[in-house]
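> One structure coming up, written as structure tokens, with questions to follow.
The values are calculated or read from the model by the stated rules, or taken from the named source; none is laboratory data. From a predicted model like this one, the values you see are computed outputs, not experimental measurements. Here the Cβ is made from the backbone with ideal geometry for all residues, glycine too, and neighbour counts use every protein chain on show. Each accessible area value is taken on the protein alone, full model and side chains, heavy atoms only, with ligands, DNA and RNA left out. Shrake-Rupley method; radii C 1.70, N 1.55, O 1.52, S 1.80 Å.
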Amino acid sequence: MKKRPSVSIGLSLALFFCIFLSSCKEKNAIQENEKTEEVALVNYLEESKEDFDQRMSWWRDAKFGMFIHWGPYAVPAGIYKEKEVEGIGEWIMDKGQVPIKEYEKFAKEWIPEDFDAESWAKLMKEAGMKYVVITSKHHDGFGLWNSEVSNYNIANFSPYGKDILKQLSAACKKEDIKFGLYHSIMDWHHPQAQAIHEPKYNVWRTDSTKVNPEFPKYVENYLKPQLHELITSYDPDIIWFDGEWIPDYTHEMGLDMYQYIRSLKPSILINNRVDKGRRGMMGMNDDKFDYAGDFGTPEQEILEGTAATDWESCMTMNDTWGFKKNDHNWKSTEVLVHNLIDVTAKGGNYLLNIGPTAKGIIPQPSVNRLKGVGKWLSVNGEAVFDTEKLASTYKQGESIRYTKKKSKSIYYAISLENPESEIVFNYIEPNKDSKIHLLGSDESLKWSYSDETKLTIEVSKTALDEVGKTEAWTFVIEGKELTGVN
Ligand code: FHN
């Protein structure tokens, strides 16, 4: 039967379409394949400076974050067998030599029925914090999320039965607060990661002949799968590793882990404890080798000066990370504000810790201090956020710090002491028409400048009264930085 022209044309068109479609599919398949291969071939350790700066930019502008140490250790809260256990609260399993089965009882008793993720996120906002880093798993191995990899977590092992990270990540998203996860490489609960000699939980094990031979299996079959589910389930902006110092964990594992995490979320930030480069509590990498990690992590201290690489000082408000009922050694709000100013002037970030109680309450002394820092930032925040360190100095004497608005010739000279009636700044020359004022006051202050005496500002009583009670006084000056001043 002669085919109708329309039919033959139709069939031809159909045939052409099929060929075209299959070639498109093939082309897409090749593209996909190339893309897959492309993703597989990315070496995240060879990132360009532009790409690195772009990835770090939100974090550098953020300056101030909340650290949260929360886990079953909040149940004993520093007391075991009716005795005070010395040291930081989250280490009670080690310092108190608590056998695993005993510690698991704390995990079963951990029912944070008063936990209110939204009120926590609102408090971060009120404190002026732009990001949070919470323990997804500390050294005790207990997860704060509903893990498919292990049932040793708050959602499955504890009667609480709910996912803490799911609640908090959602609350932080609502408040536009970036979400980070602290994750311990060291694990005192997993048989393939435990110390194989006594004292069983002794983490300062430096004798590399005593590594757990099963540790590589723990890394591949447990640590990575849990990190995979954390990243795919909660979309964190930061992975904050810790517990990397044990000899079981090697530099090669660190490089591989960095690549692995970035391959799961290329834009994620990873601290330097992903690898072995950290030099003790001062937290910065030994620059003799190429260690992985996007920023250094000084702990309980602030760098003496500035650094060529990114860094974040993490600190407690009292003396413990995890809650201890008898630790009342709280730093004052003034000390916390001065720490934030000092870190910012030196070009770092400040990660300030809270240790909630087992029931999910943030201790009132912590709340008071967070609100106090937030009150100072509500007036002086422009001198902290979206700023950069000066080229030549970060301080003048012991009681003055300088910051600079990013890509603007606006400088902030911050006095940590009451300036009284007059103050002299040696490192900024104001523009001729610059109006200098204190943040918190609209009054334009009288000033004079000479190459000899530099910038002298008369601080009126009315301006000081307008600023009122504060932990530090910020002068705003449009001008240029004076370098080479001795
Ligand atoms: O051992 C941990 C400690 O418990 C806490 O988590 C601090 C905070 O960064 N890091 C380790 C000590 O360096």
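> Output the qualifying pairs, or none if there are none: Cβ atoms under 9 angstrom, residues six or more apart or on different chains, first residue in region 274-285 and farther than 12 Å from E301 by Cα and part of a helix (DSSP H, G or I), second residue open to solvent by 40 Å² or more (accessible area, probe 1.4 Å) and more than 14 Å from the ligand (Cβ to nearest atom).
The qualifying pairs are V274/L255; V274/Y291.
> Determine the pairs where a residue that is of a type in the set (S, T, Y), located within region 415-435, has a partner that is open to solvent by 80 Å² or more (accessible area, probe 1.4 Å) with Cβ atoms under 6 Å apart, the partner being 6 or more residues away or on another chain.
Filtered contacts from region 415-435: S434/E478.
Conditions tested, residue by residue: (1) out of contact with any Leu (no Cβ under 9 Å at 6 or more places or on another chain); (2) free of Cβ contacts under 8 Å to residues at least 40 places away in the same chain.
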site: E452; (1), (2): yes, yes
site: S460; (1), (2): no, yes
site: D465; (1), (2): yes, yes
site: G468; (1), (2): yes, yes
site: T474; (1), (2): no, no
site: E481; (1), (2): no, no
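> Among E102, E86, E113, E126, which is the only one that is surrounded by fewer than 18 Cβ atoms within 10 Å (Cβ to Cβ) and over 30 Å from G372 (Cα atoms)? It would help to see each step written out before you state the result.
On the way: E86 fails: over 30 Å from G372 (Cα atoms); E113 fails: over 30 Å from G372 (Cα atoms); E126 fails: over 30 Å from G372 (Cα atoms).
Of E102, E86, E113, E126, the one residue that is surrounded by fewer than 18 Cβ atoms within 10 Å (Cβ to Cβ) and over 30 Å from G372 (Cα atoms) is E102.
> While we're looking at this one, here's another question. In the set S407, S444, S448, which member is modelled with pLDDT under 95 and of a type in the set (S, T, Y)?
Working: S444 fails: modelled with pLDDT under 95; S448 fails: modelled with pLDDT under 95.
The unique qualifying residue is S407.
> Follow-up. Restricting to region 64-91, give me the number of residues that are of a type in the set (F, W, Y) and more than 16 Å from the ligand (Cβ to nearest atom).
2
> Give the residue, chosen from S448, S407, S434, that is of a type in the set (S, T, N, Q) and part of a strand (DSSP E or B).
Values: S407 fails: part of a strand (DSSP E or B); S434 fails: part of a strand (DSSP E or B).
Going through S448, S407, S434 in turn, the sole match is S448.
> Does at least one position in region 151-163 carry a residue that is part of a loop (DSSP other than H, G, I, E, B), within 15 Å of the ligand (Cβ to nearest atom) and touching a strand residue (DSSP E or B) at 6+ places or on another chain (Cβ under 8 Å)?
Here is the first cut: in region 151-163, the ones part of a loop (DSSP other than H, G, I, E, B) are 151-152, 154-163.
Checking the rest, the ones that are also within 15 Å of the ligand (Cβ to nearest atom) come to none.
Checking region 151-163: not a single residue is part of a loop (DSSP other than H, G, I, E, B), within 15 Å of the ligand (Cβ to nearest atom) and touching a strand residue (DSSP E or B) at 6+ places or on another chain (Cβ under 8 Å).
> May I ask you to list pairs of residues, at least six apart or on different chains, whose Cβ atoms are under 7 Å apart, with the first in region 33-51 being on the phi > 0 side of the Ramachandran plot and the second being part of a helix (DSSP H, G or I) and modelled with pLDDT under 90?
none
> Can you tell me which residue is nearest to the chain's Cα centre (by Cα) among those in region 129-151 that are farther than 15 Å from H228 by Cα and open to solvent by 10 Å² or more (accessible area, probe 1.4 Å)?
K130
> Output the residue which, of all residues in region 381-392 that are closer than 15 Å to I428 by Cβ and at pLDDT 95 or above, is surrounded by the fewest Cβ atoms within 10 Å (Cβ to Cβ). Talk me through it step by step, then tell me what you get.
As a first pass, look at region 381-392 and keep what is closer than 15 Å to I428 by Cβ: 383, 387-392.
From the residues that got through so far, the ones that are at pLDDT 95 or above too are 383, 387-390.
Working: A383: 26, T387: 24, E388: 15, K389: 19, L390: 22.
Top of the filtered list is E388.
> So which of T344, T297, T333 ends up being buried (at least 22 other Cβ atoms within 10 Å of the Cβ), more than 15 Å from the ligand (Cβ to nearest atom) and polar (S, T, N, Q)?
Among T344, T297, T333, only T344 is buried (at least 22 other Cβ atoms within 10 Å of the Cβ), more than 15 Å from the ligand (Cβ to nearest atom) and polar (S, T, N, Q).
> Kindly indicate which of G65, G141 is in a strand (DSSP E or B) and not hydrophobic (A, V, I, L, M, F, W, C). Break it down into steps so the answer makes sense when it comes.
On the way: G141 fails: in a strand (DSSP E or B).
Only one candidate qualifies: G65.
> Give just the number: which of (1) within 14 Å of the ligand (Cβ to nearest atom); (2) out of contact with any Lys or Arg (no Cβ under 7 Å at 6 or more places or on another chain) does M317 not satisfy?
(2)
> Something else about it: Looking at D61, D94, which is the one that is more than 21 Å from Q167 (Cα to Cα) and within 16 Å of the ligand (Cβ to nearest atom)? Steps first, answer last, please.
Working: D61 fails: within 16 Å of the ligand (Cβ to nearest atom).
Residue meeting the stated conditions: D94.
> Also, I was wondering about something else. Being under 17 Å from the mean Cα position of the chain (by Cα) and open to solvent by 10 Å² or more (accessible area, probe 1.4 Å) narrows it down to one of L264, L303, so name that one. Show your work before the answer.
Working: L264 fails: under 17 Å from the mean Cα position of the chain (by Cα).
Of L264, L303, the one residue that is under 17 Å from the mean Cα position of the chain (by Cα) and open to solvent by 10 Å² or more (accessible area, probe 1.4 Å) is L303.
> Does region 187-198 hold any residues that are of a type outside the set (V, I, T) and surrounded by fewer than 23 Cβ atoms within 10 Å (Cβ to Cβ), and which are they? Outline the logic, then answer.
From region 187-198, those of a type outside the set (V, I, T) are 187-195, 197-198; that's our starting set.
Those that are of a type outside the set (V, I, T) and surrounded by fewer than 23 Cβ atoms within 10 Å (Cβ to Cβ): H189, H190, P191, Q192, Q194, A195, H197, E198.
> When region 207-258 is examined, which residues are found to be in contact with an Asp or Glu (Cβ under 6 Å, 6 or more places away or on another chain), among the hydrophobic types (A, V, I, L, M, F, W, C) and part of a helix (DSSP H, G or I)?
Result: F215, single match.
> Please work out which one of (1) acidic (D, E); (2) open to solvent by less than 40 Å² (accessible area, probe 1.4 Å); (3) out of contact with any strand residue (DSSP E or B) (no Cβ under 9 Å at 6 or more places or on another chain) is the condition D275 fails and give its number.
It fails just one condition, (3).
> Same structure, new question: Consider S378 against the criteria (1) of a type in the set (S, T, N, Q); (2) over 23 Å from W311 (Cα atoms); (3) outside any helix (DSSP H, G or I); (4) open to solvent by 60 Å² or more (accessible area, probe 1.4 Å): it satisfies all of them except one. Which criterion is unmet?
(3)
> Moving on to the next point. Anything in region 170-180 that is surrounded by 24 or more Cβ atoms within 10 Å (Cβ to Cβ) and either at pLDDT below 95 or in a helix (DSSP H, G or I) (or both)? List them, or say none.
Answer for region 170-180, where residues must be surrounded by 24 or more Cβ atoms within 10 Å (Cβ to Cβ) and either at pLDDT below 95 or in a helix (DSSP H, G or I) (or both): just C172.
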